[in-house]
Amino acid sequence: MIEKRIQKLNQKIGERIYLSALQDFASGRTSPERPGALLWGLSALVVACPYVFAALGAGLLFVDFPNLLTLVFGAAFLGLGWMLRPRKPQLPAGAVGRDSLPETFALLDAISAQLDAPKVSKVVFDNQFNAYAAEVRNTPIVGIGALLWLASDRPQRLAVLGHELGHLAHRDTRRIALPDRALMVLNAWQKLLDMDYYVDAHTGVLERESNGIFADLVSAALRGIVDTLTWVILKLSFAESQKAEYLADASGLRVAGRQASLAALDLLVRIDASGALRSGILPRQGEAGFDFLSRLAATVDQLSPDQAARALAVHSAEKLSLDTTHPPTAYRQAFINGLPEALLEPPLEIANWAAIEVELNAPFEKIGRREIAAFEVQ
């Protein structure tokens, strides 16, 4: 439901946001906007909710101790506050530091210097066609999907990393911290309210167990409130978050240039379109993990020219996005093409690409072995 609503928002105001971002950048207004007062206020109220329940529970425990009724309700409110609390983000498992990957961190440091971004402290590798940047407990991290890296050429990798480190340069994670914590609380509410759903063992259909008319009415009302608050927070933050993606695209241009940035977007569309080609790929006997990942990544280039052109045309005609967090690809391409040449910088020159690729063979081999092991278990 949320994805469909965001798609409608993109169709309704996506072009307006793109034109505003292009105008801002052309006029020199490249600083990201702060979330509005309404978004911050609503997010603060939602985040405060678990702590209010916890305080109420603590008060009930001691107001008439040892009254059994207040003890029961106090414990219930304390438990509810504990379940709904927003969790502090943790460093992802397997995060790698500078000592283990000197060549890779030299690349990231060069990009950070170009963008005036904080230096990355940890790198996380996974098996995805994806990349991301975040600040976890004031520690800047970058996630690199092995499949995306292997499917990309060097200029495309530079454009992707420039986009992600652009988010660090603009402090996007910090600016949206409070709305993100509010969405964590609302997601916890959603999970709590979904506990009475189950999958029927015979039909495989999702069913809901009734707890009585009154309980069902209360549950439905709470679910409506949670869904509405979730949508309102997403809608209030929509324009600002979409502009942040355009600014990150501009950072990718500063690092890799226009051609590489456009090629990276085309690659991401082809990755989505080539998913069916990967479904039939199985590990070979004795195959190395790196080689298995390389075969999976190579499917992106196995689309016929007609299939690739059709996928790109559909993305453009239907104003599709790569995911719910990014603007429609057609607008991102138009933004990249629309930036005046005078505002751009020469692409960053990286001399140690070969050393970086050799260095990443070992972590990619581990990821590939885990993928092969998962097939063997099945």
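What to note about this one:
- For segment 236-378, a crude dipole built from +1 on the beta carbon of Lys and Arg and -1 on the beta carbon of Asp and Glu, taken about the Cα centre, is about 240 debye to the nearest 20.
- Charge dipole (the chain, unit charges on Cβ, about Cα centre) - positive-most of Gly338, Gly162, Ala297: Gly338
- Percent accessible area from carbon and sulfur atoms, the chain, protein chains only, probe 1.4 Å: 59
- Proximal lysine pairs, the chain, alpha carbons under 29 Å, eight or more residues apart or interchain: 26
- Projected label points at Leu222 and Val52, each 7 Å from Cα along the beta carbon direction, are separated by 1.5 nanometres.
- For the chain, DSSP calls about 70 percent of its internal beta bridges antiparallel.
- Taking all protein chains together and a 1.4 Å probe, the residues Glu349, Glu318 rank Glu349, Glu318 from largest to smallest accessible area.
- With both labels modelled 7 Å from their Cα along Cα-to-Cβ, the Ala276 to Leu192 distance reads 4.4 nm.
- Positive-end residue of Trp40, Leu115, Ile350, charge dipole of the chain with Cβ unit charges: Trp40
- Sequentially through segment 114-126, phi angles give Karplus couplings (6.51, -1.76, 1.60; θ = phi - 60°) of 5, 9, 6, 9, x, 5, 6, 9, 9, 10, 10, 10, 9 Hz, Gly and Pro residues having no value and appearing as x.
- C-alpha long axis of helix 154-169 to longest principal axis of the chain, angle in °: 40
- Between helix 289-298 and the chain: long-axis angle, C-alpha atoms, 0 to 90°, nearest 10: 80
- Accessible area per residue, Å², the chain with all protein chains present, probe 1.4 Å: 53
- Extension gain, Ala113 to Leu19, is 31.0 nm, computed as 0.36 nm per intervening residue step minus the present C-alpha separation.
- Simple label model, 7 Å out from Cα along Cβ direction - Lys235 to Glu376, nm: 5.3
- Applying a DSSP loop filter and a limit of 15 other Cβ atoms within 10 Å to the trypsin sites (Lys or Arg not before Pro) in segment 241-314 leaves Arg284.
- Rounded, prolate or oblate (a/c below 1.5 giving rounded, otherwise prolate when a/b exceeds b/c) for segment 67-129 by Cα gyration tensor: prolate
- Which label in (i) 27; (ii) 15; (iii) 24 gives the computed percent of Cα pairs over 39 Å apart: (i)
- For segment 239-337, the Rg and Dmax computed from alpha carbons only, in angstrom: 15.7, 50
- The calculated P(r) of segment 279-363, using every Cα pair and 10 Å bins from 0, goes 12, 23, 31, 28, 5, 0 in percent.
- Among the trypsin sites (Lys or Arg not before Pro) within segment 51-123, those in coil by DSSP and having at most 11 neighbouring Cβ atoms inside 10 Å are Arg87.
The values are calculated or read from the model by the stated rules, or taken from the named source; none is laboratory data. Since we're looking at a predicted model, the values are computed, not measured. As a convention, Cβ positions derive from the backbone with ideal geometry for all residues, glycine included, and neighbour counts pool all protein chains shown. Surface accessibility is based on the protein's heavy atoms, side chains included, excluding ligands, DNA and RNA. Shrake-Rupley method; radii C 1.70, N 1.55, O 1.52, S 1.80 Å.
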